[in-house]
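Encoded as structure tokens, the structure appears first; notes follow it.
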Amino acid sequence: TVSGIPLYSTVSIVTVSGERVRRWSASSQGGRTFRWDGRTVGGGNGKKCASGVYLILAVAPDGSTFRGKVALVR
């Protein structure tokens, strides 16, 4: 779970090699908290990602960024 994301930001989950596996946008309508279920698409419809380390990248409209890591263990 990633929270406190500024409105109109984008949040991406990427592999350590740079391949994007998931992306969200925080709009004025949506929440500012994102929960990743370990899949490529939400709602249980996507492929399960492999166990491993993934990077979180959030970019705000003003260009400021947040970077983090998450370990997925199946």
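Mind ordering 32-40, 59-67, 46-54 by average Cβ neighbours within 10 Å, highest first?
Per-residue Cβ counts within 10 Å, averaged per peptide and sorted highest first, yield 32-40, 46-54, 59-67.
Could you give the accessible area per residue of the chain, probe 1.4 Å, as a whole number in Å²? Mind showing how you got there, number by number?
On the way: 4850 Å² over 74 residues.
I get 66 Å² per residue for this part.
In whole percent, what relative contact order does the chain give with Cα contacts below 8 Å and a gap of six or more residues?
With pairs under 8 Å counted, the relative contact order is 31 percent.
Work out from phi, with θ = phi - 60° and the Karplus expression 6.51 cos²θ - 1.76 cosθ + 1.60, the ³J(HN,Hα) of each residue of the range 63-68, listed in order in whole Hz, and give x for Gly and Pro.
x, 5, 10, 10, 10, x
Using a 1.4 Å probe on the protein heavy atoms, what percent of the accessible area of the chain belongs to carbon and sulfur? All intermediate terms of the calculation are to be shown ahead of the outcome.
Details: 2470 of 4850 Å².
The nonpolar share, carbon plus sulfur, comes to 51 percent.
So how compact is the chain: Cα radius of gyration and Dmax in angstrom?
Final numbers for Rg and Dmax: 12.0, 36 Å.
The values are calculated or read from the model by the stated rules, or taken from the named source; none is laboratory data. Model, not experiment: these values are computed from the prediction. Note: ideal-geometry Cβ built from the backbone for every residue, glycine included; neighbour counts use all protein chains shown. Side chains are part of the model used for accessible areas, which takes the heavy atoms of the whole protein and leaves out ligands, DNA and RNA. Shrake-Rupley method; radii C 1.70, N 1.55, O 1.52, S 1.80 Å.
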